Every structure is written in C-alpha cells, then in structure tokens.
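Below is one structure, written out as structure tokens; the observations come after it.
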Amino acid sequence: MGGDLALELKLLGVAIVVGLVQLLWAAAAARAHQGDLKWAAGPRDTPMPLGGVAARLDRAFWNFAETFPFFAAAVLACAVAGKLGGSLTVYGSIAYVAGRALYAPLYASGVPLLRTLVWLVAMIGLVMVLVALFR
C-alpha cells in the first residue's frame, strides 16, 4: 500500500485536532469558571451555568461540532468517488480547516464581525467540497 495521503484527508485529520483542542479548551475554561471540581467529578445533576469566555468557548465548540460531520462526510464521499485533488476540494478543505481553527479564538476574544466572516469562509469551504462531489 503505497502513495501519499491526499491533502484533503490530511486536512480532515487536522480538523479533528482542531475539534479536540476546542473541546479541551472549552472544558478547561468551564472548570476554571465554575471552580467546583467536586461538581465536575460528580453526576452533574444540577446545572452550573457558564459565563464570559467559558461560555463563548463552549458555544464555539458546539458550533464546530455542528459543521464537522458535514465536512468529514463530504471529504470522505469525495475520496470514495475519486474526486480529491481538484481545486474545489483542496481549497475548500483549506478554507474549512483554517476558518474553524480561527473561529474559536476570535469568539473567545469577543470579536464580532470578523468572527462571522471567518465562519462564512469555513462554510464556503464546506460548500466547495460538496460542489466538487456533484461535478
């Protein structure tokens, strides 16, 4: 089994790392904000609300979690269909991963308009990969 892994599949792996980093960052911020490790280690029957940066990181992670399955499915479908390597899949994957990597820090920092534009770049990247699938 030789050959290099397609760039889009490597970027899919990078997107997984981005998601894991966001998950851990959000969890660490939540624990720091809530300050109650006993509650965190328990069954969490009583909700403990988040605020500030911790809440923004939590929302940013869940925003990633909403789009990532679509990106992963699109890249994998393109791989199965033999459609990787074209400009739509390569640049679309780069746009998605870069956008998602920049989104959480911008959201955590409270940057409103730029955050939305970065989200839009990621979504355009996802759509580019989908367009490649149907070409």
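The values are calculated or read from the model by the stated rules, or taken from the named source; none is laboratory data. Every value quoted in this text rests on a predicted model; they were computed, and no experiment measured them. Here the Cβ is made from the backbone with ideal geometry for all residues, glycine too, and neighbour counts use every protein chain on show.
Against the conditions (1) over 14 Å from Ala15 (Cβ atoms); (2) in contact with a helix residue (DSSP H, G or I) (Cβ under 7 Å, 6 or more places away or on another chain), where does Trp62 fall short? Just the number, please. Going through the list (1) over 14 Å from Ala15 (Cβ atoms); (2) in contact with a helix residue (DSSP H, G or I) (Cβ under 7 Å, 6 or more places away or on another chain), Trp62 breaks only (2). Leu84 passes every criterion in (1) modelled with pLDDT of 95 or more; (2) within 22 Å of the chain's Cα centre (by Cα); (3) more than 20 Å from Ala122 (Cβ to Cβ) apart from (3).
Scanning the range 96-115 for residues that are in contact (Cβ under 8 Å) with a residue 24 or more places away in the chain, more than 11 Å from Glu8 (Cα to Cα) and either under 12 Å from the mean Cα position of the chain (by Cα) or not in a helix (DSSP H, G or I) (or both) gives Ala98, Gly99, Arg100, Ala101, Tyr103, Ala104, Gly110.
Scanning the range 116-135 for residues that are of a type in the set (A, V, I, L, M) and free of Cβ contacts under 8 Å to residues at least 40 places away in the same chain gives Leu117, Val118, Leu120, Val121, Ile124, Val127. Take the conditions (1) over 20 Å from the mean Cα position of the chain (by Cα); (2) at pLDDT 95 or above; Gly13 misses just one of them, which is (1). Just checking, how many residues over the range 87-109 are out of contact with any helix residue (DSSP H, G or I) (no Cβ under 7 Å at 6 or more places or on another chain) and closer than 20 Å to Ala54 by Cβ? Going through the range 87-109 one residue at a time, the tally reaches 2. Regarding Ala54, is this residue modelled with pLDDT under 95, out of contact with any helix residue (DSSP H, G or I) (no Cβ under 8 Å at 6 or more places or on another chain) and closer than 17 Å to Ala28 by Cα? No, not satisfied. Checked against the criterion of being outside any loop (DSSP other than H, G, I, E, B), of a type in the set (Val, Ile, Thr) and under 28 Å from Ala28 (Cβ atoms), the range 71-88 has no qualifying residue.
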